[in-house]
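Worksheet: one structure, shown below.
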Amino acid sequence: MSTPHQDPDIARLINRIALLRIDAVMRLTGLRSRQQIYELVRTGELSPPVKIGARASAWRTPDVVKFIETRPTAQLPSSCAEKKESR
């Protein structure tokens, strides 16, 4: 299985959707507040947005995808894994 950045369909989508407004970044990342996003920008975990107007900013799609891909994978508790295997 290819990784998202190697998948040609994903690559085409990333090239078509060049900029994401903050609401889209929140939906894609699962973050629940603007404050969380700007804290990640402040700490350098998420690239800063680019200005697209006098009062508007947006994130480059590849930057958001990179942020998502660098998140750690959730580990299921052993009790959940055992239940899954018994099915």
Looking at GLU39, is it at pLDDT 90 or above and part of a helix (DSSP H, G or I)? yes
Applying the selection to the stretch 28-54, what residues are within 13 Å of LYS66 (Cα to Cα) and acidic (Asp, Glu)? GLU45
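Okay, residues lined up against (1) of a type in the set (Phe, Trp, Tyr); (2) touching a helix residue (DSSP H, G or I) at 6+ places or on another chain (Cβ under 9 Å); (3) modelled with pLDDT under 90:
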residue: ASP9; (1), (2), (3): no, no, yes
residue: ARG12; (1), (2), (3): no, no, yes
residue: TRP59; (1), (2), (3): yes, yes, no
residue: ASP63; (1), (2), (3): no, no, no
residue: SER79; (1), (2), (3): no, no, yes
Residue pairs within 6 Å by beta carbon, gap of at least six or interchain, first lying in the stretch 52-63 and loosely packed, with under 13 Cβ neighbours inside 10 Å, second at pLDDT 95 or above, listed first then second, are ILE52/ALA58
Within the stretch 18-30, of all residues that are outside any helix (DSSP H, G or I) and more than 9 Å from the chain's Cα centre (by Cα), the one surrounded by the fewest Cβ atoms within 10 Å (Cβ to Cβ) is ALA18
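The values are calculated or read from the model by the stated rules, or taken from the named source; none is laboratory data. A quick note: this is a predicted structure, and the numbers were derived from the prediction, not measured. Every residue, glycine as well, gets a Cβ built from its backbone with ideal geometry; the counts of neighbours run over all protein chains shown.
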